[in-house]
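Reviewing the structure listed below.
Every number in this text was worked out from the coordinates using simple rules, so none of it is lab data. Since the structure is predicted, the reported quantities are computational estimates derived from the model, not experimental observations. Reconstructed Cβ throughout: ideal geometry from the backbone, glycine too, with neighbour counts over all protein chains shown.
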Amino acid sequence: MLSFAIPGTVIGVSYILAFNVPPIEITGTAIILVVCNIFRNMPVGVRAGMASMAQIDRSLDEASTTLGARGATTLRRVLLPLLKPAVVAALVYSFVRAMTTVSAVIFLVSAQYEWATTYIINRVVNGDYGVAIAYSSVLIVLMLVVIWAIQWAVGDRRLGPPQRGNRGCRPTGRFGRMIDNLPP
């Protein structure tokens, strides 16, 4: 969580000082923007994963092993479905924060690779308010589409094999468990 304690401007200047000399000379490229955002937002994903893993009861893993599942099967069919909400939260938070950040990337953008937020700020400084509003609207729509795509790609939180039939009408909670226990 140290990346949240250090101001973004200090991180931006540090990246320039660290990666402006050989053998790793990536200042002014798109790679430095991606690397900066990954390492700046990684603690959120790690903390979300740790909190989610701490809530999973150890007996689920032991039961899966007792029933004969290997480690990869336990990971795929038991642990990953339980971690889906944490994965979605971390991906959405990191994406939105990366798309709207200014402080760290203001020093890292170049004429060839410009971030959307810095472009919008430059349009406001130049007095092009209409262009800035249009770009802001497009940025909001883009973020909403990507958030929806992340949630769609990760899917629902379910254990076991996929359910057949109409997924949208299946009751959940106590009533859903009662229906699951009824004989066929």
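Quick check: pseudo-label points 7 Å beyond the Cα along Cα→Cβ at Thr29 and Met42, how many nm apart are they?
Here the answer is 1.8 nm between the modelled labels.
I need the peptides 74-86, 140-152 ranked by packing, meaning the mean over residues of other C-beta atoms within 10 angstrom, with the highest value on top.
Going from most to least packed, we get 74-86, 140-152.
Order these by the 10 Å Cβ neighbour count, fewest first: Thr118, Thr66.
Thr66, Thr118
What's the FRET efficiency of Val13 with Leu139 using the Cβ-Cβ distance as r and R₀ = 22 Å, to the nearest 0.05?
0.30
Full-extension gain between Lys84 and Trp152, please, as 0.36 nm times their residue separation minus the C-alpha to C-alpha distance.
23.4 nm
Excluding Met53 itself, what net charge comes from residues whose Cβ is under 12 Å from its Cβ, given Lys and Arg +1 and Asp and Glu -1?
Counting the neighbours of Met53, the net charge comes to 0.
Between Gln55 and Ile121, what length comes free when the chain is fully extended (0.36 nm per residue of separation minus the Cα-Cα distance, one decimal in nm)?
In short, 19.6 nm is gained.
Sorted from fewest to most neighbouring beta carbons within 10 Å, what does the list Arg47, Arg70 look like?
Result, fewest neighbours first: Arg70, Arg47.
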